[in-house]
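Everything on this sheet refers to the single structure shown next.
The values are calculated or read from the model by the stated rules, or taken from the named source; none is laboratory data. Given the structure is predicted, the values throughout are model-derived calculations rather than measurements. Quick reminder, even Gly has a Cβ in these numbers, built from the backbone with ideal geometry, and neighbours come from all protein chains shown. All accessible areas refer to the heavy atoms of the entire protein, side chains included, with ligands and DNA or RNA removed. Shrake-Rupley method; radii C 1.70, N 1.55, O 1.52, S 1.80 Å.
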Amino acid sequence: MARQDVEIPTADGTMDAQLYRPEGAGPWPAVLLLTDAGGTRPAFESMAQRLSDAGYVVLLPHVYYREGRAPLPNMQGSFQHDEAFRKRIFGLMATLSPERVRLDAAASLDFLARQPGVVGKAGVVGYCMSGGMAVHIAATFPERVAAAASFHGGRLATDAPESPHRVVGQVRGELYFGHADQDGSMPADAIARLEAALKEAGVKHRSELYVGARHGFAVEGSEAYDADAAAQHWTRMLELWGRTLRA
């Protein structure tokens with residue numbers, strides 16, 4: 001089924017989003033798909049469609065809706081070589097406070113739960129900046145999220161009070177982390193710190209290091225896209241949903 005453009009009321013306004021549904025009446029599990037810092041664009045629309053084709057109702061929200069409807073202007077550029085683009089992205093990322101992430105997640109999960117044919121708890125998947133968002137959502141809504149996945153998530157274990165590794169003990173579902181081994185936003189010591197927190201919390205999880213991969217490996221069109229690592233990420237994600245959302 002073709003995508004449906006939807007609008008979701010929140011306490012801060014109206015969040016524009018895309019809803020993808022499989023063919024047929026269901027029942028279907030639901031997945032909340034969060035974009036990386038580059039926001040809504042064709043690469044993530046294709047990912048949402050692929051998940052839907054695999055039998056999931058998928059919501060792809062525009063995480064920057066407070067700054068304007070998708071797509072925002074000036075979202076194309078090189079993060080590595082374009083200083084103006086980096087400033088634009090970091091400015092947008094700064095608008096996503098933990099409180100706003102939780103507010104938007106509540107609205108998104110409510111919306112998915114109301115969709116015809118949707119059953120059971122949801123899955124949440126994030127990339128780069130939204131890897132940590134996915135962890136926070138799973139921790140904030142443990143009764144509603146069966147599993148969360150982070151692929152090349154950055155800054156998952158820092159000294160910040162809101163660091164994702166500090167909340168993993170609140171998670172009741174399963175977590176998956178796909179780390180790039182060439183990722184300055186998640187170096188080896190941070191991975192070890194996250195792993196220690198996960199083990200101490202006793203949360204069910206799996207962590208993998210994607211050898212040779214860089215930050216952004218799973219998103220087609222990114223400077224770091226790696227076809228082999230991206231294929232592995234799809235395998236792991238669908239395995240995760242199969243264990244947790246279809247059980």
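A few remarks follow.
Rundown of residues vs (1) of a type in the set (Ser, Thr, Tyr); (2) assigned to a loop (DSSP other than H, G, I, E, B); (3) open to solvent by less than 30 Å² (accessible area, probe 1.4 Å), yes/no style:
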position	(1), (2), (3)
ILE89	no, no, yes
ARG100	no, no, no
PHE111	no, no, yes
GLY132	no, no, yes
GLY153	no, yes, yes
ALA157	no, yes, yes
ALA160	no, yes, no
ARG172	no, yes, no
PHE177	no, no, yes
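- For the range 214-235, a residue qualifies if it is open to solvent by less than 50 Å² (accessible area, probe 1.4 Å), in contact (Cβ under 8 Å) with a residue 24 or more places away in the chain and more than 21 Å from HIS165 (Cα to Cα), and the qualifying residues are PHE217, ALA218, VAL219, SER222, ALA224, ALA229, HIS233, TRP234.
- Extreme residue, most open to solvent (accessible area, probe 1.4 Å), among residues of the range 190-213 that are among the acidic types (Asp, Glu) and over 12 Å from LEU156 (Cβ atoms): GLU200
- Per the listing GLU143, GLU162, GLU200, GLU220, the residue uniquely closer than 22 Å to ARG246 by Cα and out of contact with any strand residue (DSSP E or B) (no Cβ under 9 Å at 6 or more places or on another chain) is GLU143.
- For the range 220-247, the set of residues classified as among the acidic types (Asp, Glu) and either part of a helix (DSSP H, G or I) or under 19 Å from ALA48 (Cβ atoms) (or both) consists of GLU220, ASP228, GLU239, listed by residue number.
- Qualifying positions in the range 179-189 - among the small types (Gly, Ala, Ser), open to solvent by 10 Å² or more (accessible area, probe 1.4 Å) and under 18 Å from the mean Cα position of the chain (by Cα): SER185
- Condition met for GLY68 (within 26 Å of VAL135 (Cβ to Cβ), open to solvent by less than 40 Å² (accessible area, probe 1.4 Å) and either without any contact (Cβ under 8 Å) to a residue 60 or more places away in the chain or in contact with a Phe, Trp or Tyr (Cβ under 8 Å, 6 or more places away or on another chain) (or both)): no
- Lone qualifier among GLU200, GLU174, GLU220 - being farther than 24 Å from LEU92 by Cβ and within 16 Å of the chain's Cα centre (by Cα): GLU174
- Given (1) under 25 Å from MET186 (Cα atoms); (2) in a loop (DSSP other than H, G, I, E, B), number of the condition PRO116 does not satisfy: (1)
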